[in-house]
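These notes concern the structure reproduced below.
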Amino acid sequence: MTNKKKISLHKNGWLYVSNQSFLDNIYKKFLSNSRSLDPSWKKIFNSILNKKNIYNNIINQEKTKNIYQPIIKNSIHSVSTDHEMFLKEKFFNLIDAYRRYGHYKARLNPLKYHKKKKNIPELSYLFYKITPKELNQLITFNFLFFKKKMNSFKEIYLFFKKKYSNYIGFEYMHLNNTDEKKWLQNYIETNQISHTLSDKEKKNILTDLIKSTSFEKFIHTKFPGHKRFSLEGCDILIPVLKKIIFFCIQKKTKKIFLGMAHRGRLNVMHNVLSHNVLQMFQNNTLSFKSHNGTGDVKYHIGLTKSIHKNKQVIEVNLLDNPSHLEIITPVVIGCCKFFIDKHQDTENPVPIIIHGDAAFIGQGVVQETLNISQVPAYNVFGSIHIIINNQIAFTTSNTKHLRTSFYCTDIAKMIDAPIFHVNADHPEEVMFVITLALKFRYLFKKDVFIELMCYRRLGHNEVDNPFITQPKMYSIINQHERICVLFSRKIIDLLNKDEISYKKLYTHYNNKLIQKFKKSYKKSYISIIPRNKKNLSNSLIFTPISFDDFNKIANELFTLPQDLTTHTQIKKIFSNRVQMANNLIPLDWGTAENLVYAHLMYYGITCRLTGEDVRRGTFCQRHAAIVCQKKNIIYIPLKNLSNIKGSFYIWDSVLSEESVLAFEYGYSIVSQNVLNIWEAQFGDFSNGAQVVIDQFITSSLQKWGHSSSLVMLLPHGYEGQGPEHSSGRLERYLQLCAQKNIKICIPTTVSQFYHILLQQGINFSKIPLIIFTPKSLLRNPLTFIYIKKLLKEKFYTVLLTQPKNTSKIISRVIFCSGKIYYELLNFYKKNNIIDSIIIRIEQLYPFPYACINNILNKFINIKNFIWCQEEPMNQGGWTYMYFYFKEYILIKYDQMFLKYVGRPKLSSTAEGNFIDHQIQQKKIIKLAFSTLM
């Protein structure tokens, strides 16, 4: 691949301190064996040696007092010019070192205790052999706002030392984009921190800091022993968030999605989003949720707030978050992406994610989310990341035990993003950084990271005693004054001018809390957040599509452009699909799936499908995107349909489950008129996203009232591919089923798959759908259906194989789900079995007991109920089915119980050897029909 960023060596600035070791080695090679070097290096070193020889000759001439005075005079002038040039070069190397490494010497820690700073010799002018005399010389060139013959090298040195090694640590020199680097450098070096805030802004910041402190103290006094995860030590977060919100309003941004863990959450809800948090404490034993679910603790709850300023309004969405700290990160991004897709550049919500230092560097979902940040399927044009570094993770404060990197933010360098570290006890510096970060994000549409170096005044929660594990740190913290006190002293002249004092302000806001506290007793029920339970807008109308219209769509979908050069295999597949569209041959799974998306788009439903290899399909079955073999361009048939209202998005995802599934969950909770699908490459790979499944998809409705319409496609089936490519872990999803929280289906025909997706797309209520999809069945003709018949069908929760004889003969009922049905059917037909029927349960949850009972009522001589599965006994559907049958089915049948046929209990999911698999599979099928059962 051609490197477009390749620049000539000299122009790229090779003569820098960071290259010293490399240059030394190159120079040694030049002296010992110059032939081994690239010609460009030889040219450079020869040029330097020539200059050195000239210089030495001049010095020798001066020493010997040669009679050629005119030559000596001119040569001395040359020496002077060279000396100035080398001094200037050395000085620029020193400046470059401060831009690169100055942050290591910055005064970031508000506690000022044993934290050691990195030793960076390049930050000393002595490293470059600059003498004090040279330092005091006047500069002979204009630089920034320094003027030649007026300012000294020392003034510039002190300026850069203060700029890059004071209360802010700037990290941006690692950026590869020169425009970004130049813009940041110019902003940092030409804007003065002391001019960042107006007098009014300073007073507003002090007010916010006092509000934060008074809130925490009030809760601590009124509700002792209650967990609140105090913000004390990082109170600056309150004015920071307000600054961000007002900046976004100025930029005419309509929405903000905010993700944060529990630390400081209640303070943010109270002081930024104006929510009556006191009421949540008072009604601790009552409901503080806006739905009929089981609810969650107060510091996990989210809310939506409209904030007005200067006749403009912005909607701030604080998302519900479980205790799994960083998992909210991709959810926030997913929420934003829906509105970007929907409004196509007219509305770009801003994602703000507040991290903890240990969680940010420690939890893998952060790396996964950063990795997708600039990928088209997930790009939201930059997130604002705020890392609250309170220098302790629960009870661990030794950074060597928490990370390998120097900073907790070093992981952000992987996406070429700027990082700003700032001492959180210095509001002016913090606001300078926030403004810089926001301007960068809006201009370059990239993520930006702000690390607030602060401390945690109390324990992990208010019950913990931090002195047990950090006696030295907390001795310092107890002596350390709060930021509101420190800042009030700094702006004392402003306060005196307005005849107000810190004490008066604190008393004023404390009294307001007391009044609010009294009023809170009048209510006992609090509405937290408006819930989006509708999957569709009321404007959509679903009149059945005629076969003629459907046929036109199908033919257009599968007729590829003539100028598209396709692979021979693709050409054959699409030729067959045209025949399928015209009812000449039956539809296979891949064809029907493409058709159902077109069907939904016809109604105005947008379809979004992501996952690893989804465009082609893991099993080469979908082919929703075609690659031109000559031009190497991608053609997506579903994006090129005429007279279609809905849109289509299909993305091959990055190699990640957790971040991608969490992203799609976020997308699904805010979306309307969207069929949102995530597909696992193999079903068992979804366990890499188990946190998302447990904490969000299956439980968010009960905890927070959030409804998701997300569809998960999990390829599942035992075909001898080993433990990691057989089971989608059905048992785990069945264990999570309760209170009608999700729907679980295992379709065994093309028609069933088509109609369950169609049903999900046009369902007005939101509910997650888990589909265990086939692998070998994708090419089984017994599962196919003709297109004319397809539209007349619907989804059936239970399918019955019609018995060969009258119902009176039937004594055995075999229940199953999935692919194993066709193996049972094959044995059933080959052996001419007449006393049994096979019932496929296509929807496992909600359990279709009424439908099953209606079928069983037709058979009066049943003696055996059998559950047959491929999975081991401790996995699959067996345990779930046993209890559901006992409660809903067998109550009508005295002294009968459900018998198990399947693999024995296994710690793994399947055999690794194909022959062993075949032996087990045959054994299961034979046993299901055995008279011994």
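For region 393-487, trypsin sites (Lys or Arg not before Pro) are listed when DSSP marks them as loop and at most 13 other Cβ atoms sit within 10 Å of their Cβ; the list is Lys445.
Anything over 29 Å Cα to Cα? Flag those among Lys222/Lys503; Lys743/Lys789; Lys202/Lys512; Lys518/Lys766; Lys133/Lys181; Lys162/Lys254, in the order listed.
Details: Lys222/Lys503 21 Å; Lys743/Lys789 26 Å; Lys202/Lys512 22 Å; Lys518/Lys766 39 Å; Lys133/Lys181 33 Å; Lys162/Lys254 38 Å.
Distance filter (> 29 Å) returns Lys518/Lys766; Lys133/Lys181; Lys162/Lys254.
Using 0.36 nm per residue and subtracting the Cα-Cα separation, the extra length available between Thr131 and Ser323 on full extension is 63.5 nm. One chain, two ends: Phe86 and Lys309. Fully extended at 0.36 nm per residue, the span grows by 74.8 nm beyond their Cα-Cα distance.
Grab the DSSP H runs of the chain that are 4 residues or longer, score each as -39,500 (n - 2.57), total them, divide by all residues and round the 222 nm result to the nearest 500 deg cm²/dmol. Each step should come with its number before you reach the end.
Numbers: 30 runs with 370 residues, N = 933.
Rounded to the nearest 500, it is -12500 deg cm²/dmol.
Rounded to the nearest 5, what % of the DSSP beta bridges within the chain are antiparallel ones?
Working: 23 of 84 bridges.
Antiparallel: roughly 25 percent of the beta bridges in the chain.
Of the peptides 694-705, 367-378, the ranking by mean beta-carbon count within 10 Å, highest at the top, reads 694-705, 367-378.
So what is log10(I(q)/I(0)) for region 292-449 at q = 0.10, 0.15 1/Å, when the Debye sum runs over its Cα atoms only? Log-scaled intensity ratios, in q order: -0.41, -0.93.
On full extension, the segment bounded by Ser907 and Asp199 gains 248.1 nm, given 0.36 nm per residue less the C-alpha separation. The H on the amide N of Ile650, modeled in the peptide plane, is under 5 Å from the matching H of Leu609, each at least 5 residues off or on a different chain.
Site pair Ile468 and Leu890 shows an inter-label distance of 4.8 nm when each label is modelled 7 Å from Cα along Cα→Cβ. Solvent-accessible area per residue in the chain equals 45 Å², computed with a 1.4 angstrom probe and all protein chains kept.
Remark on Ser152: its backbone amide H falls under 5 Å from those of Ile139, a criterion applied only to residues 5 or more positions apart or on other chains, H modelled at 1.01 Å from N.
Pop the C-beta distance of Lys516 and Lys181 into the FRET formula with R0 = 56 Å and round what comes out to the nearest 0.05.
Values: r = 48 Å, r/R0 = 0.86.
My answer for the efficiency is 0.70.
For a protection proxy built on the mean count of beta-carbon atoms within 10 angstrom, sort 771-781, 203-213 highest first, please.
On the way: 771-781: 19.7, 203-213: 22.5.
Listed from highest to lowest mean packing, they are 203-213, 771-781.
A 24 angstrom limit on the alpha carbon distance is what I want to check against. Which of Lys243/Lys472; Lys905/Lys926; Lys154/Lys203 exceed it? Pairs exceeding 24 Å: Lys243/Lys472; Lys154/Lys203.
For the chain, calculate the relative contact order in percent as a whole number, restricting contacts to Cα pairs under 8 Å that are 6 or more residues apart.
Working: 1567 pairs, mean separation 89.9, N = 933.
Normalised by residue count, the contact order of the chain is 10 percent.
Modelled label positions at Ile862 and Ile919, each set 7 Å beyond Cα in the direction of Cβ, lie 3.5 nm from each other. Rg and Dmax of region 557-791, both derived from C-alpha coordinates alone, stand at 17.5, 54 Å. Which net charge results for the neighbourhood of Gly611, defined as the other residues with beta-carbon distances under 12 angstrom from its beta-carbon, given Lys and Arg at +1 and Asp and Glu at -1? In short, -2. Label-to-label distance for Leu443 and Ile415 is 2.0 nm, based on points extended 7 Å past Cα in the beta-carbon direction. Surface composition of region 97-179: carbon plus sulfur atoms contribute 53% of the solvent-accessible area (1.4 Å probe, protein chains only, all chains present).
Sorting 621-628, 784-791 by their mean Cβ neighbour count within 10 Å, with the most densely packed peptide first, gives 621-628, 784-791. Which of the three applies to region 798-928, rounded, prolate or oblate, going by the alpha-carbon gyration tensor with a ≥ b ≥ c and a/c under 1.5 meaning rounded? Taking the square roots of the gyration eigenvalues as a ≥ b ≥ c, region 798-928 is oblate.
Helix hunt in the chain: which complete DSSP H runs extend at least 24 Å axially by C-alpha with mean Kyte-Doolittle at least 0.0? What comes out of the filter, once short or polar helices are dropped, is 427-444. For a test of the definition: using alpha carbon positions, the gyration tensor, and the 1.5 limit on a/c, classify the chain as rounded, prolate or oblate. It comes out prolate by the Cα gyration axes.
The values are calculated or read from the model by the stated rules, or taken from the named source; none is laboratory data. Just so you know, these numbers come straight off a predicted model, no measurement behind them. Every residue, glycine among them, receives a Cβ derived from its backbone with ideal geometry; neighbour counts consider all protein chains shown. To get the accessible areas, we keep the full protein, side chains included, count just its heavy atoms, and leave off ligands, DNA and RNA. Shrake-Rupley method; radii C 1.70, N 1.55, O 1.52, S 1.80 Å.
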